[in-house]
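Please read the structure below before turning to the comments.
The values are calculated or read from the model by the stated rules, or taken from the named source; none is laboratory data. It should be emphasised that the depicted structure is a prediction, and the values quoted were computed from it without experimental measurement. Cβ: placed from backbone, ideal geometry, glycine included. Neighbour counts: every protein chain shown.
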Amino acid sequence: MNLLAFNLPLVALIPFLGAPIAAWAARFNRLASAWVAGIVTFLSLLILMPVVHIPFDNDTLIQSWSWLPALGLDFAFRLDGLSLLFSFLILLIGLLVILYARYYLSPQDSMGRFFAYMLMFMGSMLGIVLSENLIQLVIFWELTSLTSFLLISYWQYSQDARDGARMALTITGAGGLAMLAGVLMIGNIVGSFNLTDVLASGDLIRQNEHYLTVLVLILLGVFTKSAQFPFHFWLPHAMAAPTPVSAYLHSATMVKAGIFVLARLFPVLSGTEAWGWLVGGAGMITMVLGAYTALFKHDLKGLLAYSTISHLGLITLLFGFSTKLAAVAAIFHIINHATFKASLFMVAGIIDHECGTRDMRKVNGLLKYMPHTAVLAMIAASAMAGVPLLNGFLSKEMFFQQSLVATDHHPLSWAIPIIVTFGAVFSVAYSLRFIHDVFFNGEPQGLTKTPHEPPRFMRIPVDILVLLCLGVGMVPVLIVAPILTVAVAASLQGVPPDYSLAIWHGFNLPLLMSSIALVFGAIVYFYREKLFRWHDENLPRVDAKTLFNRVTHGLLVLSGKISRLFDRGSLQNAISWVLLSGVAATLYGFLQFDSPLFGDRTLLDANLLTMVQVGILIVASILTAVMHHKRLVALIIIGVIGLIVSLGFVKFSAPDLALTQLSVEVVTIVLLLLALFFLPQHSPQERSHKRLTRDLVLSVSAGVTVMLLAMAVMTRDYSSISGFFLENSKPGGGGTNVVNVILVDFRGFDTLGEIVVLALAGLGIFALLENLRLPAPLRDIDGREWSHDPHPPIMQTLTRLLFPLMLMVAVFIFMRGHNLPGGGFIAGLIAAVALISQYLANGIAWTNARIKVDMHKVIAIGLTAAFVTGFAAMFLSYPFLTTTFTYLKWPIVGKFEIASAMIFDLGVFLVVVGATVLILVELGKLSHASHSLAQQEKK
Amino acid sequence: MEWLVAIAIGVMTSCGVYLVLRARTFPLVLGLTLISYAVNVFLFVMGRLQIGEAAIISADTTKYTDPLPQALVLTAIVIAFGMTAFLIVLALKARSELGNDHVDGMSYVAEEQEKKTAVGDSK
C-alpha cells in the first residue's frame, strides 16, 4: 500500500482521529493532551511533506475516490500552491498555538476538551483548503462553524462565551448554507463539482444568466465567515473565547476561510462589475469601519478584533480590484496578517495572564515589567501599522499601489486612494495605542498582581512569529517569494504577474501614502482624548448584539406563534389538523384529474347475506362510537366488527386473511379486557358541543373521502405484478399457497422486518410494565365485588383437555401453510391462544409451574432462525433469504415436501407466539399483583 | 357488492376517526383498532373483489385473485395487534404516572379549569 496515494485525505482526517485521543489522554495527565495535539499536528505536517514539491513543479496533485457516482460526486482532495500555503499556515501556526495554550490554560480548565476541539477545528480547516470537490469543501466549511462554536464557548460557564459562540454559529452557519446553494448552482452550470472543471469554466459561469445569484450566494458565505460588513459583528463577540483560540481562529484560520474561497474562486467569479462593487465595496467599508472602531476599544482583544476586521476588509478590497497584481498583494497580506496578528493575540493573552485584565486604561507602563514581551509586541504592532522593514509595510505598499491603478478607468477611482489612506491613518493610530498605552503611559492602575515576564516557552511562539515578521520584512525574496509565487499561480490559475518584493521602490505615491498614514496616525493618537470625547458624544451607539438578539428573539416568537396555531399542547387539536390536511389533500387530488370519479369495471352483484353482514357492521361501528363511554360494552361491540371483517375475507377469496383476523381478534379482545381492568370503566361525557360538531364533520368527511377513494379504485381495471408470483410460486418457491410463498419467500425480507417489529413491541411492553404498580378497583362498574373464584372448574377441565388438540391444530396449520391456507403467522397466533387460554383458565402460577418456557428466549430463537435462513443462503453465495426445497418420501406419510422457507416460517411462528404470550402474560401478572395489592389494602 | 364494501370502509373510518379525536386513552385505542380494520380492508380491496378464486395454485383453475395485497395485509394485521398492545400499555403507564387517562395527561382539576375558561371564551 502506497501511503502517497492517499496522504492528502490523511492530512485532513488525522486531526479528527487525534481529537478523541487527546481528550482521552487528559484523564491520565493534563499535559499529555497537549503533547498528543502537538504530535498529531506534527504528524499531519509530516504526511504532507513528501508532496510539498509538487506545487513548486507547477503541478497540481489530485487524489480522488468515487463517492456518489450517480450524482457525479467524488471524494477528492487537491494540492496546489494555494492549498499548500494555507495548509502551512494552519499547521505551523497551529503548532505554535498548541505550545502557547499549554501554558495559557489554567489548572481548572479541561485540557483534553480544549485540545480535542482544537484538533477537530484544525482538521476541518485543512479539509476546506485541500478539497477538490466543492460540496466536500462546504461540508468542511460547516464543520469549522461547528467546531469554532465549541472553541468559542469553551468557557461554558460564561454567559458572554455562550452568547458569542451562538452568534458566531448562527451567522457563519447561515452563510455556509447560502454558500452551499451557490455551490450547487455552480455545479449545475458547469456539470461538475470538481474544482478542476469549475476553475476551467470561468467564462461559462460569468456569462450564465444566474451569475449574479451565484455570486451573491457565494459572497454571503465568504462575508459571514470573514466578518465583512454588515456581518462583521460576530467577531468581536467571539473574543469571549480563550486567547489561544482567538489567536488561531482570527489570524490564520477561521476568518481566512472566507478569504481562501475568494482566492480559490477568483478566476471563476472575478472581473465583472458586480464583483467589483460587491467585493470591493464590502471590503472598503469593512476596512475603514474596522480601523476606526478599533481605536476606541479599551479592551486589548477588542482592539485586535476590530483590527482583524479591518485587515480582512483590506484583503477583500484587494480581491475586489480584480487585477492579478492585486491578487498577489492580497495573498501576500494574508501571510503577513497571519503572522503579526497571531503574535499580537498571544501578547494580549500574556498580558491578560500576567495582569488579570486587558483594559488599556489600567494596563500601562509594562515595559519595565516585561521588557522582552514589550519588544516583541512593539515589532508586531509596527508591522500591523505598516512601518518599513517589517512585513506589513511591504504588502501595504502593494495595496496602496493597487488602490491607485486598479480602477483608473472608473469615474470614482480618485476617491479610492483617499479612503484607503484614511483607513491606514486609523490603522497606525490604533497600533500606536497598542504600543504606547500598554507599555508606556505611566504606571499600571489598580492591578491585583505585579506583572512579570511569562514562562519562557509561552513566549517562544511569539518569538518565532515576530522573527518571521522581521525576516519577511527585510529579505522577502528569500523567505516568502517561492511560496507566494506558487500560491498566486494557483489562485489565478495561470502565470503569476511580474511583481517586485523590493523594500525600496524610490520616492513614489505609495510611499507618500505610507508616510501620510504614519504622520497623521501619530497626530490622531496624540489628540485621542478629544477624539474619544467627540466620538462618545456625537456618534450614535449601534449595538449589533442587541439588534441580533432582537431579530433572533423575534424569529423564535414568530415560529412559536405559527406552531401554536396548530399545536396548543393538545393531542386532539394536533390530530384534527393532521386529519384535516389528509382529507384536504385527498380531495384536492380528486380535483386534479378530469376523468370521471368512478370507472366502468363490471361490478359484482350484491346478495342479501352480504347486505345483512354490512348492515351489522355499520350498526356495530356506529354503536362503538356512540357507546364508547361504556367501555366494556364498546369493547364487546368492536369484537363483532372484527368477526364480520374476517367473514368478509372468507367471502372475497382470502382464507389466510380470515384465519389471521380471527385469531388476532381473540388475542386483541383479551388484551383490551385485561387493560380495561386498570382504566376507568367510563369516559366522562364531553360537554363542548362545538368540539363534538367539529369532530363529527371531520370524521364524516374522512369516511366519505376514504369511501370514494376505495370506490374509485374498485371500479377500475388494473394490471398487477402478481402474475409473476402466481407463475413462480410452485416452480420457484415450491408452494401452492401463493400468499404464504410471498410472505416467506418472494418478500421474505419484508416479513423479517415485520417480525422484528413485533418482537420489539413485545420487549418494549415488557419494559414498560416492569415495576408498574396500578391498584385494582375493588368493585366493578355496578358496585359488585370481584369474584374470588377466578378459575371455574368446568373451564379448567375443558381447556386442559383441549390444550393438546389446540396445539395439534397449530402444528397442522403450520405444516400445511406452504400449500394451503395457514402458515407461521396464523399457527403462531393459534398456539398463543392455546397457551393464553391455559393462563386464563388455570391462573398464572399454575400455568407457569407447568410451562417452563421463557418467552424472551422463544422470541430470540425465532429471530435467530429467521436470520440464519437468510444468511445460510448467503453462505452458499446466493442472495440473502434465497430458499430451496426438495421432496422426501417417508413411509406412511408418503411424498413430503421440505423447504428451507419452512425454517424461516418457523422463526415467524416462534416470534409471534413469544411476543403475543409475553405481552398478555405480563399484563395478566400485573392484574394478579394488583389483586393481591388490593386485598392487602382491604385487610 | 363494491358499494357495500366501500360503505363499510367509510363507516369504519368515520367511527374510527371520531373515536381517535376523543379525549381519553381507551376510546383512542378503540378508534385506532377501527381504523386498522378500515385500512386493512382498504388495502385488501386494492386487489379488487373476487369470489371463490383463492390464490391456491391448482390444476383445475387458471383464475386467481391477486395474492400480493393479501400478503401485505396479513402482516399488517399482526403488526396492528402489536401496535394496539403497545398503545394500551402506554395508556396504562400514563395512567400510573399521571394519575389520569386524559390523552394530554392533564389532571382533572386543570381540565375542569380549562373547560371553565373555554366556556368563558365562548361567551
Would you be able to say whether some residue in the stretch A:540-549 is surrounded by 14 or more Cβ atoms within 10 Å (Cβ to Cβ) and among the hydrophobic types (A, V, I, L, M, F, W, C)?
yes
Name the residue that is surrounded by the fewest Cβ atoms within 10 Å (Cβ to Cβ), counting only residues in the stretch A:627-647 that are farther than 20 Å from A:A658 by Cβ, at the interface with chain B (Cβ under 9 Å from one of its Cβ atoms) and of a type outside the set (K, R).
A:H629
Members of the stretch A:854-888 found to be of a type in the set (A, V, I, L, M) and at pLDDT 85 or above, listed by number
A:M855, A:V858, A:I859, A:A860, A:I861, A:L863, A:A865, A:A866, A:V868
Among the residues of the stretch A:233-268, which ones are outside any helix (DSSP H, G or I), more than 25 Å from the chain's Cα centre (by Cα) and surrounded by 24 or more Cβ atoms within 10 Å (Cβ to Cβ)?
A:L265
Confirm whether B:I35 is among the aliphatic types (A, V, I, L, M), touching a strand residue (DSSP E or B) at 6+ places or on another chain (Cβ under 7 Å) and crowded, with 18+ Cβ neighbours inside 10 Å.
no
Quick one: would you say B:T84 is at the interface with chain A (Cβ under 7 Å from one of its Cβ atoms), within 27 Å of A:L772 (Cα to Cα) and polar (S, T, N, Q)?
yes
Please go through the stretch A:726-739 and pick out each residue that is in contact with a helix residue (DSSP H, G or I) (Cβ under 7 Å, 6 or more places away or on another chain) and either surrounded by fewer than 24 Cβ atoms within 10 Å (Cβ to Cβ) or more than 7 Å from chain B (Cβ to nearest Cβ) (or both).
A:L726, A:G733, A:G735, A:T736
Any residue at all in the stretch A:339-348 that's in the same structural domain as A:L484 (by TED's automatic domain parsing), at pLDDT below 95 and assigned to a loop (DSSP other than H, G, I, E, B)?
no
Within the stretch A:156-214, count every residue that is surrounded by fewer than 20 Cβ atoms within 10 Å (Cβ to Cβ), of a type in the set (S, T, N, Q), part of a helix (DSSP H, G or I) and touching a residue at least 12 places away in the same chain (Cβ under 8 Å).
3
Only one of (1) within 30 Å of A:N728 (Cβ to Cβ); (2) more than 14 Å from chain B (Cβ to nearest Cβ) fails for A:I830. Which number is that?
(2)
Restrict the check to the stretch A:269-288 and report whether at least one residue is under 30 Å from A:I189 (Cα atoms), touching a Lys or Arg at 6+ places or on another chain (Cβ under 8 Å) and part of a helix (DSSP H, G or I).
yes
Would a scan of the stretch A:519-531 turn up a residue that is modelled with pLDDT under 85 and not in a helix (DSSP H, G or I)?
no
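Yes or no, residue by residue, for (1) of a type in the set (V, I, T); (2) under 28 Å from A:A291 (Cα atoms):
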site	(1), (2)
A:S431	no, yes
A:H436	no, yes
A:H452	no, no
A:M458	no, no
A:L467	no, yes
A:V477	yes, no
Checking B:K115 against (1) facing chain A (nearest Cβ under 8 Å); (2) modelled with pLDDT of 80 or more, which test does it fail?
(2)
Take A:T286 and tell me if it is in the same structural domain as A:A380 (by TED's automatic domain parsing), under 30 Å from A:Q207 (Cα atoms), touching a helix residue (DSSP H, G or I) at 6+ places or on another chain (Cβ under 7 Å) and hydroxyl-bearing (S, T, Y).
yes
Can you pull out every residue in the stretch B:8-61 that is small (G, A, S) and either touching a helix residue (DSSP H, G or I) at 6+ places or on another chain (Cβ under 7 Å) or modelled with pLDDT of 95 or more (or both)?
B:A8, B:G10, B:S14, B:G16, B:A23, B:G31, B:S36, B:A38, B:G47, B:A54, B:A55
Against the condition over 30 Å from the mean Cα position of the chain (by Cα) and part of a helix (DSSP H, G or I), how does A:A584 come out, does it pass?
yes
Please determine whether any residue of the stretch B:17-32 is closer than 15 Å to A:V583 by Cβ and more than 7 Å from chain A (Cβ to nearest Cβ).
no
Matching helices (runs of 4 or more DSSP H) fully within the stretch A:52-144 where at least 1 residues are in contact with a Pro (Cβ under 8 Å, 6 or more places away or on another chain) and surrounded by 19 or more Cβ atoms within 10 Å (Cβ to Cβ):
A:81-104, A:111-130
Out of all the residues in the stretch B:59-77, which are more than 13 Å from A:T660 (Cα to Cα) and within 7 Å of chain A (Cβ to nearest Cβ)?
B:Y64, B:T65, B:D66, B:P67, B:L68
For the stretch B:58-93, what are the residues that are surrounded by 19 or more Cβ atoms within 10 Å (Cβ to Cβ) and more than 17 Å from the chain's Cα centre (by Cα)?
B:Y64, B:T65, B:D66, B:P67, B:L68, B:P69, B:Q70, B:A71, B:L92
Among the residues of the stretch A:120-162, which ones are of a type in the set (V, I, T) and touching a helix residue (DSSP H, G or I) at 6+ places or on another chain (Cβ under 6 Å)?
A:I128, A:V129, A:V138, A:T144, A:T147, A:I152
